[in-house]
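Heads up: the structure comes next, in structure tokens.
The values are calculated or read from the model by the stated rules, or taken from the named source; none is laboratory data. Everything numeric here is computed off the predicted structure, so don't read it as measured data. Glycine gets a Cβ as well: all are built from the backbone with ideal geometry, and neighbour counts include every protein chain shown.
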Amino acid sequence: MKNWRRFVLMKKVFCFIMLIAMFSTVLIGCKPGVTEESNESLDDITSTISKDGYTDENGKYVSSLEVKDWEGRNFNILLMGPKAGTYQSEDFTTESVLYGDLLNDAVAQRNAKIEETYNVKIVPIRSDTVDADIRNDVTADTGAFDAVMPYLPACAKYAQEGYLYDLTELENIDLSAPWWDQNANEAFSVGNKLYFTTGDITILNKVCTPSILFNKAMIDDYNLDNPYELVNKNEWTFDKMVEMAKAITTVNVPEDPTSKENTYGMLAAYGNALQFYGGAGETLCGKDADDKPYLTIGSEKSISVAQKILSTLQEGNWVVNHEDFPDKNWDTSFATFLEGRALFRPSAFSATTKARQRSEIEFGILPTPLFDEAQEDYKSYSGTGQIAGLAIPISCPDIDFSSYMVEVCAAEAKNTITPAYYDVNLKYRDARDDESVEMLDIIFDNIVYDVGEVYNFGKVRGLLGDLMTNNSTNIASELEAIQSAVQTEIDQTIANYEDN
């Protein structure tokens, strides 16, 4: 307990130091817009960029674009609105409830820096009808938005319909820069064209990264192996997780998953089957040498992996799924973990923040397990359904302005929004021990996106979830039923990109 209190104290001190370091630049770090009266020339400003092209002499990330005075122009960016709940876009607004002043101050700092440096006004447009807004804007060519941030699967649809600019053709956007997610760039492109991506411009790509939460007290009470040591020895496998989960399971009232007399090895959801499948290093689709997608699930290994995951998750009562709860309410099912009645809980990091805010439970954070010890690296298979993408509609009034603003906003977000969320919120608020901090680096260093998951060719994304719903492991039959549709949609997507 003394070690725990010492850790909490250290976190508070570190948070204070981090916040001072991050936000003091609001007062001293913002350069005014370049005007005729400015004593500082453009050469003086750009000469401070380091040799790597991405940081200044103070180690701050900075775009290599020449600083321009945009004469007070509005930068209108469309964002997911309040009805999206936990997964609304809070990357340009200062009204976050879940993350509070920490994120709000970081956004305010980034916005102020951009507005003062480039003489612009950032205008976030929050909407609960983003799809209709984008379609109406493009078809009517109204030019209402300079950039848009819908969820990634929606971006994939707009790209095929010819609604978006190919980011690879925009000189102002450096897709190799560290503020763009290189794994996303690689996964989302088709035929070497990239119409949308993600990165430091949003926190949702980090919020939606998968992990495994575990109840630390249960590990001690049942004398189970230390999960952190298992991870470090590459012995944290799917089988080991199941073994530990079954060891603590006691279900006295099977008809009522909310009963206090039940203790489960894992609280999950049907969709977690895909997380474990991707964590095993498998994908739904891959890409060939010409950057064109093809179906990968269906190989002998992928079928074997999927069948084992499905059969294990469906056998016995060691796992209770969200879908098993009568009201299908996430708060109701999540309470099973928060009340100490489940050992493991596969989670996005939005749930980690809520666990810290809503309970005193001492939990740890782990990566998705290896399939077996022969697997070399842990994989964080990221579902894209609620991750904000970044795209520029062809109806934008000025593509030079849009692409310029997207680039500088993303670069400055890496100095402000990302450290606020990752370094402070996750590492020194949500994490409850030093080992969890180490686990976070493993998790985020191994994020994987799947071209088949984001484009959802032939509804392949729901393949494993549908089998879970039907309590079936017959993946070969289910795959055969959709294989033709998958290939048809892959071919159509390739054709659409070639025609754009």
Glu315 passes all but one of the listed conditions (1) touching a strand residue (DSSP E or B) at 6+ places or on another chain (Cβ under 9 Å); (2) of a type in the set (Asp, Glu); (3) surrounded by fewer than 14 Cβ atoms within 10 Å (Cβ to Cβ); the exception is number (1)
Which of the residues that make up the range 425-447 are touching a residue at least 40 places away in the same chain (Cβ under 8 Å) and over 18 Å from Phe276 (Cα atoms)?
Asn425, Leu426, Tyr428, Arg429, Asp430, Ala431, Arg432, Asp433, Asp434, Glu435, Ser436, Glu438
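Could you list, in sequence order, all residues of the range 232-263 that are closer than 30 Å to Tyr449 by Cα and not charged (D, E, K, R)?
Passing the criteria: Asn232, Asn234, Trp236, Thr237, Phe238, Met241, Val242, Met244, Ala245.
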Within the range 91-112, can you find the residues that are closer than 15 Å to Pro419 by Cβ and of a type in the set (A, V, I, L, M)?
Leu102, Leu103, Ala106, Val107, Ala108
What residue, among those in the range 446-487 that are polar (S, T, N, Q) and not in a loop (DSSP other than H, G, I, E, B), is modelled with the lowest pLDDT?
Ser477
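Look through the range 442-473, keep the residues that are of a type in the set (Asp, Glu) and touching a helix residue (DSSP H, G or I) at 6+ places or on another chain (Cβ under 9 Å), and return whichever of them is nearest to Gln307 (Cα to Cα). Lay out the reasoning, then the answer.
Narrowing the range 442-473 to residues of a type in the set (Asp, Glu): 445, 450, 453, 466.
Keeping just the survivors that are touching a helix residue (DSSP H, G or I) at 6+ places or on another chain (Cβ under 9 Å) gives 450, 453, 466.
Numbers: Asp450: 19, Glu453: 19, Asp466: 13 Å.
The selected residue is Asp466.
Take Tyr421 and tell me if it is surrounded by 19 or more Cβ atoms within 10 Å (Cβ to Cβ), over 18 Å from the mean Cα position of the chain (by Cα), in a helix (DSSP H, G or I) and aromatic (Phe, Trp, Tyr).
Values: surrounded by 19 or more Cβ atoms within 10 Å (Cβ to Cβ): yes; over 18 Å from the mean Cα position of the chain (by Cα): no; in a helix (DSSP H, G or I): yes; aromatic (Phe, Trp, Tyr): yes.
No.
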Cβ contacts < 6 Å: first residue in the same structural domain as Asn272 (by the TED database), restricted to the range 239-254; second residue surrounded by 18 or more Cβ atoms within 10 Å (Cβ to Cβ) and in a helix (DSSP H, G or I), any location; separation 6+ or different chain. Result?
Val242/Thr312; Ile248/Met218
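Determine whether Val123 is in the same structural domain as Gly85 (by the TED database), within 20 Å of Ile387 (Cβ to Cβ) and assigned to a strand (DSSP E or B). Don't jump to the end; show me each part of the working.
Working: in the same structural domain as Gly85 (by the TED database): yes; within 20 Å of Ile387 (Cβ to Cβ): no; assigned to a strand (DSSP E or B): yes.
Spelling it out, it is not the case that Val123 is in the same structural domain as Gly85 (by the TED database), within 20 Å of Ile387 (Cβ to Cβ) and assigned to a strand (DSSP E or B).
Could you tell me which of the residues Thr197, Thr209 is in contact with a Gly (Cβ under 8 Å, 6 or more places away or on another chain) and modelled with pLDDT of 95 or more?
On the way: Thr209 fails: in contact with a Gly (Cβ under 8 Å, 6 or more places away or on another chain).
Result: Thr197 is the single residue among Thr197, Thr209 that is in contact with a Gly (Cβ under 8 Å, 6 or more places away or on another chain) and modelled with pLDDT of 95 or more.
Collect the residues in the range 53-80 that are part of a loop (DSSP other than H, G, I, E, B) and buried (at least 17 other Cβ atoms within 10 Å of the Cβ), keeping them in residue-number order. Steps first, please.
Filtering the range 53-80 down to residues part of a loop (DSSP other than H, G, I, E, B) leaves 53-54, 57-60, 62-72.
Scanning the range 53-80 gives Tyr54, Lys60, Val62, Ser63, Leu65, Val67, Lys68, Asp69, Trp70.
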Step by step: first the residues of the range 326-340, then only those that are surrounded by fewer than 19 Cβ atoms within 10 Å (Cβ to Cβ) and on the phi < 0 side of the Ramachandran plot, then the one that is nearest to the chain's Cα centre (by Cα). Which residue is that?
Trp330
Asn415 passes all but one of (1) touching a helix residue (DSSP H, G or I) at 6+ places or on another chain (Cβ under 9 Å); (2) buried (at least 21 other Cβ atoms within 10 Å of the Cβ); (3) part of a helix (DSSP H, G or I); which number fails?
(3)
Top-ranked residue in the range 341-384 [being among the hydrophobic types (A, V, I, L, M, F, W, C), in a loop (DSSP other than H, G, I, E, B) and touching an Asp or Glu at 6+ places or on another chain (Cβ under 9 Å); ranked as modelled with the highest pLDDT]
Phe371
Kindly provide the set of residues from the range 164-203 that are in contact (Cβ under 8 Å) with a residue 40 or more places away in the chain, in a helix (DSSP H, G or I) and either more than 23 Å from Lys379 (Cβ to Cβ) or not assigned by the TED database to the domain that holds Pro150 (or both), ordered by number.
Leu167
Somewhere in the range 108-116, is a residue more than 25 Å from Ser64 (Cα to Cα) and modelled with pLDDT of 95 or more?
no
Can you confirm whether the range 399-406 contains a residue that is touching a helix residue (DSSP H, G or I) at 6+ places or on another chain (Cβ under 8 Å), in a helix (DSSP H, G or I) and free of Cβ contacts under 8 Å to residues at least 12 places away in the same chain?
no
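Mind listing whichever residues of the range 438-478 are β-branched (Val, Ile, Thr) and touching a Gly at 6+ places or on another chain (Cβ under 8 Å)?
Filtering the range 438-478 down to residues β-branched (Val, Ile, Thr) leaves 442-443, 447-448, 451, 454, 460, 469, 473, 475.
Selection gives Val448, Val451, Val460.
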Lone qualifier among Glu478, Glu489 - being surrounded by 15 or more Cβ atoms within 10 Å (Cβ to Cβ), farther than 29 Å from Ala355 by Cβ, among the acidic types (Asp, Glu) and touching a Phe, Trp or Tyr at 6+ places or on another chain (Cβ under 7 Å)
Glu489
